[in-house]
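The values are calculated or read from the model by the stated rules, or taken from the named source; none is laboratory data. These figures come from a predicted structure and were not determined experimentally. When we count neighbours, we look across all protein chains shown, and the Cβ atoms used for this are built from the backbone with ideal geometry, even at glycine.
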C-alpha cells in the first residue's frame with residue numbers, strides 16, 4: 001500500500017496552528033484532516049477486495065514476428081461497486097501496453113481482448129493482471145496482482161535462404177579435406193538446371209546446347225548424398241564478442257541465422273546438429289525431422305550470449321564430433337587466431353567449412369574484421385559477411401561469399 005506524506009503533514013500543521021492561535025476554525029479543520037485520510041484508507045481497502053481475474057491460455061509457443069490474442073476478464077465478486085480501478089496486464093513480453101481505468105458494478109465484470117506481437121525470442125509470462133485501487137483524493141492506493149501467470153516460448157524467426165550453399169574444399173580446387181566416394185561418381189543418370197556454386201566440370205554440354213541454358217549432370221550417388229550429409233551449426237555466444245542494442249544486435253542476428261540454417265538443411269533431408277557455449281554448453285546431436293527442428297529452435301530461443309569460452313576453443317573441445325561427410329557452419333561476430341587455427345584443424349576432417357561473419361563494425365563495434373575475413377577465405381574457408389540491416393537472403397547468397405567471389 002502507498003500513501004502520501006501529506007496525510008501526516010497537514011494534520012500536524014493544523015493542530016500546531018490551532019493551539020498557537022486558539023482558533024476554533026483551525027481546530028475543526030484539524031479534525032477534518034484526520035477524518036478524510038481515514039475514509040480514504042477504508043475506500044482503498046474496500047476497493048481492492050473481491051477482485052478476481054482470468055485469462056485464456058496463450059499458445060505454448062510462437063515465432064518472432066507472429067501475433068497472438070488473449071482474452072482477459074476482470075470481475076468484481078463483492079456487493080460493493082468498484083470505482084476508478086487501474087488495470088494493467090502483468091507480463092514481461094517486450095512492448096508497452098497502456099493501463100486501463102475502469103469501474104465495475106457489484107457482481108459485475110469487464111472483458112477485453114489483447115493482441116500481442118512476438119518481438120523477441122525467449123520465455124515469457126502473461127495472464128495475470130495488476131489492479132490498483134485509489135481513493136478519490138489520491139491519498140492511498142492498494143495494489144494486487146490477480147490471475148495465474150502462464151508461460152509462452154517464443155522461437156527465433158527463420159528466414160528463407162534459397163541461395164545459401166556450403167562449397168566443399170575440392171570444389172574450388174583446394175585439394176584437401178574429406179572427400180566422399182559419392183561425390184566423385186562418374187555415372188550420370190540425368191541433368192538439371194545449373195545453379196550458383198555448381199562445378200563447371202559437371203556441365204552437360206550437349207544438353208546445354210539443345211536447351212539453350214546451362215545444364216549440369218546429376219549422378220546416381222548425388223540422390224543420396226544430401227541425405228547422408230551432416231551439418232553442424234556452431235554458434236558463437238561469447239559475451240565479449242557481441243555488439244548492438246535492443247533487437248539490432250549481433251546476438252539476435254546470429255541466432256536468427258542459425259535457426260534459418262537449421263530449418264533449411266533439415267528440410268533438405270540432412271542431419272543437423274548444434275554446438276554453442278552460452279549460459280550453458282549446448283550440444284545437440286545431429287538428427288532429422290520436424291521434431292528435431294522444434295528441439296533446436298527451443299534451444300535457440302533460450303540461449304544467451306553470456307558464455308566465457310571463445311568459439312575457436314568451443315570447436316577444439318568438440319573436435320571429436322566434427323568429422324566425415326560433414327559441413328561445419330560457424331556463426332560469429334569475430335574472427336580470431338584461435339578460430340583460424342580451429343578451421344585449419346578441421347580441413348582434413350570435414351567436407352567443408354563455412355564462416356558467417358556478423359560484421360561487428362556495422363553493429364557499433366570498433367574493430368573491422370574485413371582483413372581477417374579475406375585471410376580466412378584464402379585458406380579455403382567459405383566466408384559470408386552479414387552487416388546490420390542486411391536482408392539475410394541476399395547476404396547469404398552463395399555468389400556473395402568471399403570464397404566464391406575469389407573464383408568468379
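Residues in segment 247-283 that are within 25 Å of residue 393 (Cβ to Cβ) and either out of contact with any strand residue (DSSP E or B) (no Cβ under 8 Å at 6 or more places or on another chain) or not in a helix (DSSP H, G or I) (or both): how many? So the answer is 17.
Being closer than 20 Å to residue 120 by Cα and assigned to a helix (DSSP H, G or I) narrows it down to one residue among 305, 342, 301; which is it? Explain how you work it out, then say what you get.
Values: 305 fails: assigned to a helix (DSSP H, G or I); 342 fails: closer than 20 Å to residue 120 by Cα.
Being closer than 20 Å to residue 120 by Cα and assigned to a helix (DSSP H, G or I) holds for just one of 305, 342, 301, which is 301.
Within segment 320-328, is even one residue loosely packed, with under 15 Cβ neighbours inside 10 Å and without any contact (Cβ under 8 Å) to a residue 12 or more places away in the chain? Checking segment 320-328: at least one residue is loosely packed, with under 15 Cβ neighbours inside 10 Å and without any contact (Cβ under 8 Å) to a residue 12 or more places away in the chain. Counting only residues that are within 18 Å of residue 160 (Cα to Cα) and crowded, with 21+ Cβ neighbours inside 10 Å, how many does segment 271-296 have? Residues that pass the stated criteria total 2.
If you go through segment 42-69 and pick out every residue that is modelled with pLDDT of 90 or more and within 26 Å of residue 153 (Cβ to Cβ), you end up with 11.
Only residues that are touching a residue at least 40 places away in the same chain (Cβ under 8 Å) and out of contact with any helix residue (DSSP H, G or I) (no Cβ under 9 Å at 6 or more places or on another chain) were counted in segment 355-385, giving 1. When each of 315, 335 is tested for being assigned to a helix (DSSP H, G or I), over 23 Å from residue 151 (Cβ atoms) and in contact (Cβ under 8 Å) with a residue 12 or more places away in the chain, the lone residue that passes is 315.
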